[in-house]
Structures are given as C-alpha cells and as structure tokens.
Amino acid sequence: MVELPEGARVSDALDAAGGATSEAVLAGVNLARLVVDGEQIVVPDAAAVVAGETEAAAANPRSPRGEAGGKTRLNIADAAELEQLPRIGPAIAQRIIEWRIEHGPYASVDALLDVPGIGVKTLDGFRDRVEP
C-alpha cells in the first residue's frame, strides 16, 4: 500500500509501488487516470491478459457477423461490438470507450448515463443486452 497526494495518477501509484515488473502488461492500464482513495490497482501479466480474454470470449461468444450469444460486456467491448447495440453508432461507441478509459471500469449499466449522448431512453433500448 502506498500513500499519494490528491490528484495523483495511476502512473504515480505505480512509481510509488516500485514500478512495473518486466512481466507487466501496461497496454491495458490507463496510466493517466486519477487514483481514487482506497482503490486497488491491478497490473496484469501476459498470462492474466490471455486468461481474461479467454474468459471474456467464453462468457460472450459472438458469431462472425457480430450477433451476440450473450450480453455485451461494457468493460471489454470494442467499438464494433458496441455498434451492434440499438442506437449506438461510431461516435457514441467511441465515447463509451473513452469514458471507460478515463474513469475506469463500468460498475453498473446505469453508469452509461454519464456518457454524453446516452440518455434514459437510449439506455432502456439496450439495457437488457449489456453488462459491466
């Protein structure tokens, strides 16, 4: 555990903890995101990244045409997957991803209401097709 000043970023936390190991995969970590008091920051290694991708694929299988066999997972979906949702085009799909990068993982589907361009009506149109 490390203590950081208010306004510290994930990169500051990583530095204070001694830096990333040689096995760390930083590509999936938003180093510029502000740190929240009490949070745990997990930096995956290659095995965890592969395991997570395999788990996500099993939980959300898709046909080559993008038809969902399960719910779209907001915390891992790419723009093409998000665009399969009703009333979600390229611009809003990108905003969903940018919000996730800036604020961290979606804790609930309702957090989509914080994304510019998504209102209650839009969310209600696909709420049953998504999960964090």
Item to check | helices (runs of 4 or more DSSP H) wholly inside the range 66-132 that include at least 3 residues being modelled with pLDDT of 90 or more | outcome: 90-103, 120-124
Checklist outcome for this item: Listed by first then second residue, the pairs whose first member lies in the range 23-46 and is of a type in the set (S, T, N, Q), whose partner is surrounded by 10 or more Cβ atoms within 10 Å (Cβ to Cβ), with beta carbons under 7 Å and at least 6 positions apart or on separate chains, are Asn30/Val10; Asn30/Ile101
Checklist outcome for this item: Residue pairs qualifying under the 9 Å Cβ cut-off, at least six apart or on distinct chains, with the first in the range 86-104 being farther than 16 Å from Thr122 by Cα and in contact (Cβ under 8 Å) with a residue 12 or more places away in the chain and the second being of a type in the set (Phe, Trp, Tyr) and open to solvent by less than 80 Å² (accessible area, probe 1.4 Å), are Trp99/Tyr106; Arg100/Tyr106
Checklist entry - Which residues, counting only those in the range 81-117, are closer than 15 Å to Asn30 by Cβ and either open to solvent by 20 Å² or more (accessible area, probe 1.4 Å) or in contact with a helix residue (DSSP H, G or I) (Cβ under 8 Å, 6 or more places away or on another chain) (or both)? => result Ile96, Ile97, Glu98, Trp99, Arg100, Ile101, Glu102, His103, Pro105, Tyr106
Item to check | Tally, over the range 2-30, of residues that are surrounded by 14 or more Cβ atoms within 10 Å (Cβ to Cβ) and either closer than 15 Å to Ile101 by Cα or under 15 Å from the mean Cα position of the chain (by Cα) (or both) | outcome: 5
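The values are calculated or read from the model by the stated rules, or taken from the named source; none is laboratory data. Everything quoted here is computed from the prediction, not taken from an experiment. Reconstructed Cβ throughout: ideal geometry from the backbone, glycine too, with neighbour counts over all protein chains shown. Accessible surface is based on the protein model in full, side chains and every heavy atom, while ligands, DNA and RNA are left aside. Shrake-Rupley method; radii C 1.70, N 1.55, O 1.52, S 1.80 Å.
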